[in-house]
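Only one structure is covered here, and it is reproduced in the block below.
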Amino acid sequence: MKRMIIGLMVSLSLGFCPVSYAANPDDILGYWRTIDDKTGFTLTVVKIEKAKNGTYLGSVVELIPRAGYVPFEVCQRCPAPFTNRNVTQMPLLWNLKADPNNELNYTAGYVIDPHVGKIYALDVKLSESGRQLSLRGKVIGANFLSRTQSWLRDSNYKPK
């Protein structure tokens with residue numbers, strides 16, 4: 001019992017806390033698997049990187065086909081400048097900024113849904129573990145109409 005109490009005191013003094021996550025804005029960088037909110041299957045792998053202007057930019061690096069589903073390779077219904085562009089050669093999300101008031105939140109971005117060709121205002125929240133993103137796309141001009149999607153970090157992804 002004495003060892004357990006000493007171990008707990010040492011852990012607390014070292015700042016050990018298994019649930020907390022010390023985030024920094026660049027924790028959003030890397031590869032993410034987009035998950036279809038209706039089926040639960042992976043649709044694409046997206047790479048999020050820092051743009052030259054300091055915002056965050058995400059691009060599809062791989063489309064994931066499966067039985068009964070063929071991914072959209074070309075953004076046919078998308079507005080200019082995305083019209084008829086290959087989905088893997090265009091930004092999927094852009095202009096995302098770290099929220100200075102909350103280290104796990106990112107705001108003021110945009111995301112395009114290549115399946116329907118619509119652009120949405122975007123807010124993102126990184127989970128405390130750093131392994132999941134919750135993206136909230138809002139219809140521009142009608143923020144009460146929104147949709148949330150989860151992405152999972154893919155630390156093992158190797159670009160082809």
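Only the coordinates and a few stated rules stand behind these numbers; no lab work does. This is a predicted model, so every value here is computed, not measured. As a convention, Cβ positions derive from the backbone with ideal geometry for all residues, glycine included, and neighbour counts pool all protein chains shown.
Placing unit charges on the Cβ atoms of the charged side chains and taking the dipole of the range 36-130 about its Cα centre, the candidate lying farthest along the positive direction among L96, V61, P79 is P79.
Over the range 88-160, what lengths in whole Å, largest first, do the semi-axes of the equivalent ellipsoid take, defined as the square roots of 5 times the eigenvalues of the alpha-carbon gyration tensor?
Working through the eigenvalues yields semi-axes of 20, 18, 11 Å.
What whole number of Å gives the distance from the Cα centroid of the range 62-79 to the Cα centroid of the range 98-131? Taking the Cα centre of each part, the range 98-131 and the range 62-79 sit 21 Å apart. Under a model in which nothing but the beta-carbon of Lys, Arg (+1) and Asp, Glu (-1) is charged, the range 19-153 shows a dipole of about 280 debye around its Cα centre.
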